[in-house]
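Asker: To start, I am sharing the structure in question, which I have written as structure tokens.
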Amino acid sequence: MDRNLKLNSEEIIKELGNLNKRFSGKKILLTGAAGFLGCQLVHYFIVLNNSKILERPCQLYAWDNYLRGIPYWMNDIKENSNIHIQRKDIILDTDYPDPDFIIHAASIASPIYYRKYPIETIDSNVTGLKNLLEFSKNNSIESFIYFSTSEIYGDPDAKNIPTSENYRGFVSCTGPRACYDESKRLGETLCVNYSQVYNIPVKIVRPFNNYGPGLKITDGRALPDFCRNVLSGKDIVMFSDGSPTRTFCYIADAVVGYLKILVNGRYGESYNIGTEGPEISVKQLAEMVIEISQELFNYKGQLIFEKSEIKIISDK
């Protein structure tokens, strides 16, 4: 088992305290198990079962269709009797294992991949989610969380940055990110209405810039891109002035929030999970990566600013 994922899991268990016991003897269905969020969640349940905190081990059914490939770490847990790794497509496969908890994390979140697979992205966030909600209508589910995204807010104008929780978003329905942003927004609508009409205990979580072990170097977002440049010995090239700011939330801290919402969240409610600060610019992030890499790897690259050759066509 990856040392950092194991340490993260131990820290999550420590932070959750008695809430860990809610999973004793339970069945958990986790979709998107091969993804970044799924990776840490799978390791949490493995370490929890090994911790002797639970009176009876929980049974995790970890589903993924492996559209982006099978991650290396899954080979280490195939023989775990309480962790059931299964190749499943949530659009087609509905032979659910009678779960007590559902964690729907199956979605392509990488810009590179959701532009390559736009229909599959929409299907996961809408059709796959609807399949799970329909199942929950007639079965006893203790709790259900749907992973939405901070991208449901789209591109706020300057007066809405930082963005308040009552901001409704500014999202294109036809732009290059629409398959992801809009399907997540519709997913939230489905959750709220199924909760109201059928009293399904579904909750919505919106991750804000999670990072940590398990995040693929080919993900296509800023931090993985910078790290890929470092590991290949190349300069970090930025095609903007790097002024947009973000806060970043470590995956172990985020998972504590997700699991608290799973066991204690309100039906039909949305929860933003991230950190309030520090808010740093993309330029500052690149400079931090360079500084740390110089110390750790004797990295010789530098930050370079260039103009993008891509012509941007407005979708408004």
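The values are calculated or read from the model by the stated rules, or taken from the named source; none is laboratory data. As the structure is a prediction and not an experimental result, all values here were calculated from the model. Because the Cβ atoms are built from the backbone with ideal geometry, glycine has one as well, and the counts that use them run over all protein chains shown. With ligands, DNA and RNA removed, areas are computed over all heavy atoms of the protein, side chains included. Shrake-Rupley method; radii C 1.70, N 1.55, O 1.52, S 1.80 Å.
Asker: Could you give the angle, 0 to 90 degrees to the nearest 10, between helix 178-198's Cα long axis and the longest principal axis of the Cα atoms of the chain?
Answerer: It is inclined by approximately 30 degrees.
Asker: Give me the percent of DSSP beta bridges within the chain that run antiparallel, rounded to the nearest 5.
Answerer: Here the antiparallel bridges make up roughly 5 percent for the chain.
Asker: Where nothing but the Cβ of Lys and Arg (+1) and of Asp and Glu (-1) is charged, how large is the charge dipole of the stretch 125-210 around its Cα centre, in debye to the nearest 20? Can you show the working numbers first?
Answerer: Details: 9 positive and 9 negative charges, 18 e Å.
For the stretch 125-210, the charge dipole is close to 80 debye.
Asker: Right, something else. May I ask which residue of 84, 288, 255 lies farthest towards the positive end of the charge dipole of the chain, with charges of +1 (Lys, Arg) and -1 (Asp, Glu) on Cβ and the Cα centre as origin?
Answerer: So the residue we want is 84.
Asker: When the accessible area of the chain is split by element with a 1.4 Å probe, what percent falls to carbon and sulfur?
Answerer: 49 percent
Asker: Still on this structure: Of all DSSP beta bridges located in the stretch 162-316, what percent are antiparallel, nearest 5?
Answerer: 20 percent
Asker: Give me the accessible area per residue for the stretch 244-291, probe 1.4 Å, as a whole number in Å².
Answerer: 49 Å²
Asker: Going down the table (116/260; 88/260; 52/130; 216/283), which pairs top 31 Å between alpha carbons?
Answerer: 116/260; 52/130
Asker: Here is a further query. Enter the angle in degrees (range 0 to 90, nearest 10) between the Cα long axis of helix 3-16 and the first principal axis of the Cα atoms of the chain, meaning the one along which they spread out most.
Answerer: For 3-16 against the chain, the angle is about 60 degrees.
Asker: So, in Å, what gap is there between the alpha-carbon centers of the stretch 96-155 and the stretch 169-229?
Answerer: Measuring centre to centre over Cα atoms gives 9 Å.
Asker: Same structure again: Computed over the Cα atoms of the stretch 126-215, what is the ratio Rg over Rh, Rh following Kirkwood? Walk me through the numbers on the way to the answer.
Answerer: Values: Rg = 14.8 Å, Rh = 14.5 Å.
Using only Cα positions, Rg/Rh for the stretch 126-215 is 1.02.
Asker: I've got another one for you. What is the angle, in °, between the Cα long axis of helix 251-264 and the longest principal axis of the Cα atoms in the chain? Nearest 10 is fine, range 0 to 90.
Answerer: 30 degrees
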